[in-house]
Structures are given as C-alpha cells and as structure tokens.
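Taking it in order: structure first as structure tokens, then the write-up.
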Amino acid sequence: MSSAPDCTVRSATTGSATTGSAMTGPATIRRATADDIPATLAMKLAAWRETYADQRPAAFFARAEAAREQEIDWWRRGLEAGAELWIALDDAGRVLGCAGVGTAREDDADARVGRELQMLYVLAGAHGTGLGGRLMDAALGAHPALVWVLERNPRAHAFFRKHGFVPDGRIEALADDWAGLREVRLVRRIAAPAVRRAPAQPGDTAQPGSTAQTGEAQPGDTAQPGSGRG
C-alpha cells in the first residue's frame, strides 16, 4: 500500500484538461524539479476533474484540493530520494502532462515485468499531438512494463493498446475514495511497437524510444511520487 497522503488511485490516464488549456506551441519534455511540483499537481487534478467527473462526486475533488500542500511535500521528498518524474511544458511554461515510472511492486510479481508506469497524465489541449507517447517514452523507453487503468477509461485503454499493452486478466476493486470502481492491469511483455508520433521538438531531453532510468523507491515506501497506489 502507498503512503501517499491523498491515497489516490494508482491507474494512469490520458484524460482531459480544463477549458482554455489548449497547447500553444511545441512542448518541451524534461525531468521535473521540486519547483515544478505545485503546477504538476494542479495539472493532475484538472485531468482528474475532466476524466472522472462522471465517476466521482464533487466531494472527492474537494478533498484532493484540500490535501494539495501535504501532497506537494510528499512529492518533493520523493524527488529528493531519487524518484523520477517527467513533465511536458508548452512555450508559455505551463505543464501539459507528466509521467512517472517505478519498479514493479511485489504484488505484481506474477506479471513478470520489472517496471510499472505509475502515472501518465496529458491535458486535453494536447490530445492528438503525440505528447502522451513522447512522455511515456521519456519515462519508460521501450521496456516491458505494466500499468493499472480504471476499467471505465476507454481513451486510456485505446492509448495503451496502441503502445503494446494488453489486459492480462487481473482486475481489482478499489476502496476508500475510489470505492465502487475497478482497475484492469495491462502488460507489455516485449519491446514497444513502432508507433507513429509527432516529431521531437527542440528542448526535449528524451527522444522517442530512448530509455530513462527509473527512480529509487522512497525510504519505507514502494511507491513513486504521484503514483498514489492505495
């Protein structure tokens, strides 16, 4: 179980953004720093509101907002411990998406892959640009991996299927703030298939297909910042 303060869901999403967040120019992908955490968490909550508004009550988002400062501190401590977080920014410096990868957990040993894509969030204004694939490549490369996705997130399922992930039959019911929903485990056991992507942009620190090293687990925890595996 995660010790993340908001005890959020562990699934990834390619969910939507708030109105007015349209991409205004080429995106730059780079490693996040502690200073990037507040804006990244604001982007994550925006994606949650659009993607899960029909599955979670308003109180759920209010609680996430109220826990923001505690979550910022938790993420910053994770980065200090060596965890990796990749972010995409537009030409105005706004965070459009993020991705993080960690070592697969003990309870996923039956998947027989070493890595888990613990989060992938892309705002709606960047949909169709290839940004989700570029973020995933920066964090994961072409390595075999697993990802947990909400059962009722068809856009995410289609995205991961295109990138070589398939359901392996494992489904889990969620609890606490996410009670009533289920997650499906998707696994990619071979190198990522060739997928047509938007061209790399100046300033990118990882090209499509590159391999990024995963961060170390935080002391006393098996989750990376933002994974919120609960």
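The values are calculated or read from the model by the stated rules, or taken from the named source; none is laboratory data. These figures come from a predicted structure and were not determined experimentally. Methodologically, a virtual Cβ is constructed for each residue, glycine included, from the backbone with ideal geometry; neighbour enumeration extends over all protein chains shown.
Counting the residues of region 53-76 that are over 24 Å from ARG152 (Cβ atoms) and exposed (fewer than 14 other Cβ atoms within 10 Å of the Cβ) gives 4.
Would a scan of region 64-75 turn up a residue that is of a type in the set (A, V, I, L, M, F, W, C) and free of Cβ contacts under 8 Å to residues at least 40 places away in the same chain? Please lay out each step first, then the result.
Within region 64-75, the first condition is being of a type in the set (A, V, I, L, M, F, W, C), and the residues that meet it are 64, 66-67, 72, 74-75.
After this cut, where a residue has to be free of Cβ contacts under 8 Å to residues at least 40 places away in the same chain as well, the list is 66, 72.
Checking region 64-75: at least one residue is of a type in the set (A, V, I, L, M, F, W, C) and free of Cβ contacts under 8 Å to residues at least 40 places away in the same chain.
Filtering region 153-165 for residues that are outside any loop (DSSP other than H, G, I, E, B), at positive phi and either modelled with pLDDT of 70 or more or crowded, with 20+ Cβ neighbours inside 10 Å (or both) leaves an empty set. Applying a threshold of 7 Å to beta carbon distances and a minimum spacing of six or more residues, or different chains, the list of pairs starting in region 27-51 at a residue that is part of a helix (DSSP H, G or I) and ending at one that is of a type in the set (Lys, Arg) reads ALA34/ARG76; ILE37/ARG76; LEU41/ARG68.
Of all residues assigned to region 80-89, none qualifies as being without any contact (Cβ under 8 Å) to a residue 12 or more places away in the chain and either of a type in the set (Asp, Glu) or closer than 14 Å to GLN118 by Cβ (or both).
Within region 57-76, the residues that satisfy the criterion of being under 17 Å from MET119 (Cβ atoms) and of a type in the set (D, E, K, R) are ARG68, GLU71, ARG76.
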